[in-house]
2 protein chains.
Amino acid sequence: MTQPSSTVRELIRQHYSDLTQSERKFANALLENYPAAGLASITIVAGQTGVSTPTIARMVQKLGFKGFPQFHKALLKELQAKVSGPTERRANWATEAPESHLLNRFAKAVTQNLQTTFSNVPSEAFDAAAHLLADTDHTLFIVGGRITHALADYAFTHLQAVRPRVIHLTSSSATWPHYLLDMEKGDTLLMFDIRRYESNLLRLAELARERGVEVVLITDQWSSPVAEIATHSFNCWVEIPSAWDSNVSTLMLLEALISATQEEAWPNTKDRYERLDRLFEQTRLFRKPGGQ
Amino acid sequence: MTQPSSTVRELIRQHYSDLTQSERKFANALLENYPAAGLASITIVAGQTGVSTPTIARMVQKLGFKGFPQFHKALLKELQAKVSGPTERRANWATEAPESHLLNRFAKAVTQNLQTTFSNVPSEAFDAAAHLLADTDHTLFIVGGRITHALADYAFTHLQAVRPRVIHLTSSSATWPHYLLDMEKGDTLLMFDIRRYESNLLRLAELARERGVEVVLITDQWSSPVAEIATHSFNCWVEIPSAWDSNVSTLMLLEALISATQEEAWPNTKDRYERLDRLFEQTRLFRKPGGQ
DNA sequence: CCTGTTCTGAAAAAAATTTTCCACATTGGC
DNA sequence: GCCAATGTGGAAAATTTTTTTCAGAACAGG
C-alpha cells in the first residue's frame, strides 16, 4: 500500500532499481514533466512514452498502487495540495520558492553564464582541442590552480578512463620541474586558470611551450595571461552575485571537451571502458549499478 | 469548437451566463482549484462537486468541447504548457556551429538537466541544509566517491574559506575510521554519491548516523541508497548522451549550497575572507587579479 | 392551483479504459 | 552458442467511464 506521506516522485526513486528499462523510460518522462505526464489515461501515457499499456500498469503496481486509476488519483491529490498550499505562482522555472530566493537568483545567473559561454566557443578551436586531447601518440598533462585543482582532478579521472598516457600534475608546484623533464614535443598540456591567475601556471606554460608542447587553456571571461601563448584557449563566463566565481560553465565546457575527445577516440576507448568495468567488478569496490 | 488560444478558465468566464445553477457549482469549484478539480474522471468530479454526471457533461459541451475527455485533455495541455513554458526559450543560443555539432547537443542536454534539477529542489530542505553547513558550533565533514571526489574537493576548498572546522575525508576509505572516531553528535557530513553508488559510502553514512551526525546528501536523479538515512538529500539530473554522467547540475547545486551557506554565515565569514586574502598576499602565491 | 418550461439525476446503453493472458523477443549465464 | 529467465507488447476479457435517455422535481407566471 502506498504510504500516505510519500509522493509519487519519492516512490519512483525508492523503487527505481526494481524497474525495468521500459518502465524507467516512463519514470524518467514523468519526472521530467511532473505530474502532467502521468495524468492522462494509461493508453495515452503509454503512447507518449513509447511503451505499451501493460508496462505502465506493471510499473505502477511496483510502486505500490493497486492499479493505474489509483496512481492517477495519487498524482492528482499531490497537484491539488501543491496548488492550494503555498501560493500558486510557480511561473518561472524553479522550485516552489519565491522569485527572490537564492536558488532562483542563482539559477538565473548560472543560465546566463552558460549561454554566454556557449555562444562564444569557436567550434573549430573546440574540435582542434579535442583532437589534441585524443592523441594517444603523445602524453597528456593536466594541471589546475588553487580553485581549479578540483576541475583538473575531474578532467584527469575521466580522461584517464578514455585514453592512456594521462598525467595529473599535483597542485604543489614544487614538483612541476619533474614533470617538465618528461614533456616532449607534440605532447599536450591541459591547463585551468581562472582569476586570480597564478604566476607559476604562466611560468609552467612558458617552459612547456619551449619544449614544443601544445597548450590547451580553459580560463574565465577576462582571459588568463597564459592565453597569449596557448595553442587553443576557451573563455568561460564565471560571474555570479557572490564573493567567488562559479565554475558551472567551466565544468560544462570541460565535459563537452571530454565528450568530444571520447567520441574521437571511441574505437580504442570502448575496449578500455569495458576493461575498466571488469576491474571495478573484480575489486568489488562498487555495487551493481542502480542506473541503467 | 474550442479556440486554440483560449484557456478553459477563459471559456468558463465567457459562458458563465449560459450556465445553470448546478453547472455553476462545478464551474466555481474548478476555478477555485484549477485545474486539479477537473482532472479526475467525470464521475469523481461530479461527486466532489455534488452534482450528477450528466450535469458536468452538459456543461463542458456548453463550453464548446465535444465531450468530457476532450475537456480533460485541454486542461492537461494547459498544465503541461505551464510547467515547461518559460524555460522552453532555449532560442538559438549556441555557437556558429551546426545544430548537430556535439557542442550544441551537449548544451541542450545540460540545459535540460539544470532545469529539471532546479525544479525538483525543495526549498525548505535547501535552506535547512545550508543552515547545517553554516553551523560553526560543530564540525563539517565532506566526502565523495570515485568520480565525485573532485566535487568534494571543490566543496572543501570553498567551505574552508567560509568557515572553520571543515574536514575533507580523503578518497581512500581505509582512513575513514579515523575520522569516524572524531565525529560527534550534531556534526554534519556532506556526501556526494552518484551512480554507481559505492557501498562503503553507505556504510560510512550509517556509522555516522549512529553517532548522531546529520547527513546531507547530493545524489543523482535515481537516488543513492544513502538517501534513505540522510537528513536532507538532493537529486541532480546527470544524464547526457554519453557513457558517463554529467556533473554540471551537481556542481550548480553545490555552488548554490555554498552560496547559501556563505550568506548565512556572513558576519563571521567576512573577516575570514579578508584574512585569507592577506595571507595569499604575503605568500605571494598569486598575482593581483586581472578581473575587477 | 394549474400549466409549461427548464433543470436535474437515476438508470441503461455505448464507448472508452484498464487489466489479464499469452506468445514472442531479448538478455545474461553457463 | 545454447538455454533459461526475464522483459515486452498484442489482443481479448473485465471493468470503468462516459453518454444518452427519460421521468420527475423545481420554479415562474398566469
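Observations on the model:
- Restricting attention to region A:67-79, the residues that are more than 10 Å from DNA strand C (Cβ to nearest atom) and more than 10 Å from chain B (Cβ to nearest Cβ) total 1.
- Complete set of residues in region A:159-188 that are touching a strand residue (DSSP E or B) at 6+ places or on another chain (Cβ under 6 Å), assigned to a helix (DSSP H, G or I) and either outside the structural domain of A:T250 (by TED's automatic domain parsing) or in contact (Cβ under 8 Å) with a residue 40 or more places away in the chain (or both): A:L159
- Any hit, region B:14-32, residues being modelled with pLDDT of 85 or more, crowded, with 20+ Cβ neighbours inside 10 Å, part of a helix (DSSP H, G or I) and touching a Pro at 6+ places or on another chain (Cβ under 7 Å): no
- Residues of region A:56-66 classified as surrounded by 13 or more Cβ atoms within 10 Å (Cβ to Cβ) and within 9 Å of DNA strand C (Cβ to nearest atom), total: 6
- Scanning region A:191-219 for residues that are buried (at least 18 other Cβ atoms within 10 Å of the Cβ) and away from chain B (no Cβ under 11 Å) returns A:M191, A:F192, A:L204, A:A205, A:A208, A:V213, A:E214, A:V215, A:V216, A:L217, A:I218.
- B:T49 vs. criteria over 39 Å from the mean Cα position of the chain (by Cα), over 15 Å from A:L79 (Cα atoms) and within 13 Å of DNA strand C (Cβ to nearest atom): no
- Residues that are in a loop (DSSP other than H, G, I, E, B) and modelled with pLDDT under 85 within region A:62-93 comprise A:G85, A:P86, A:T87, A:E88, A:R89, A:R90, A:A91, A:N92, A:W93, listed in sequence order.
- For the residues A:W244, A:W222, the requirement of being more than 22 Å from the chain's Cα centre (by Cα) and facing chain B (nearest Cβ under 8 Å) singles out A:W222.
Per-residue answers, yes or no, for (1) more than 16 Å from DNA strand D (Cβ to nearest atom); (2) assigned to a helix (DSSP H, G or I); (3) farther than 21 Å from A:L30 by Cα; (4) modelled with pLDDT of 90 or more:
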position	(1), (2), (3), (4)
B:V60	no, yes, yes, no
B:T95	yes, no, yes, no
B:N104	yes, yes, yes, no
B:T116	yes, yes, no, no
B:R146	yes, no, yes, no
B:L151	yes, yes, yes, yes
B:T157	yes, yes, yes, yes
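- Checking each residue in region B:234-281 for being touching a residue at least 24 places away in the same chain (Cβ under 8 Å), buried (at least 21 other Cβ atoms within 10 Å of the Cβ) and small (G, A, S) picks out B:S246, B:S249, B:A256, B:A260.
- Neighbours by Cβ (under 6 Å, 6+ apart or cross-chain): first from region A:214-226, in contact (Cβ under 8 Å) with a residue 60 or more places away in the chain and in the same structural domain as A:N200 (by TED's automatic domain parsing); second β-branched (V, I, T) and in a strand (DSSP E or B): A:E214/A:T188
- Pairs meeting the criteria (first residue in region B:39-58 and without any contact (Cβ under 8 Å) to a residue 12 or more places away in the chain, second residue more than 10 Å from DNA strand D (Cβ to nearest atom), beta carbons under 6 Å, at least 6 apart or on different chains) are B:A40/A:L76.
- Evaluation of A:A155 against the conditions (1) within 11 Å of another protein chain (Cβ to nearest Cβ); (2) over 23 Å from the mean Cα position of the chain (by Cα) shows that the sole unmet condition is (2).
- Checking each residue in region A:22-53 for being within 13 Å of chain B (Cβ to nearest Cβ) and either at positive phi or near DNA strand D (Cβ under 9 Å from one of its atoms) (or both) picks out A:E23, A:R24, A:K25, A:S41.
- Selection status of B:L202, under 22 Å from B:D245 (Cα atoms), part of a helix (DSSP H, G or I) and of a type in the set (A, V, I, L, M, F, W, C): yes
- Scan of region B:118-138 for residues that are out of contact with any helix residue (DSSP H, G or I) (no Cβ under 6 Å at 6 or more places or on another chain), more than 9 Å from every other protein chain (Cβ to nearest Cβ) and outside any helix (DSSP H, G or I), ordered by number: B:D135, B:T136, B:D137, B:H138
- You will find that of A:L254, A:L217, the residue that is assigned to a helix (DSSP H, G or I) and modelled with pLDDT of 90 or more is A:L254 and no other.
- Some residue of region B:172-190 being at pLDDT 95 or above, within 14 Å of chain A (Cβ to nearest Cβ) and buried (at least 20 other Cβ atoms within 10 Å of the Cβ): no
- Test: A:V8 is within 10 Å of DNA strand C (Cβ to nearest atom) and either touching a Gly at 6+ places or on another chain (Cβ under 9 Å) or touching a residue at least 60 places away in the same chain (Cβ under 8 Å) (or both): no
- Test for A:A40: is it in a loop (DSSP other than H, G, I, E, B) and more than 22 Å from B:S224 (Cβ to Cβ): yes
The values are calculated or read from the model by the stated rules, or taken from the named source; none is laboratory data. Quick caveat, the model's predicted, so the values are computed rather than measured. Positions of Cβ are generated from backbone atoms using ideal geometry, with glycine treated the same way; all protein chains shown enter the neighbour counts.
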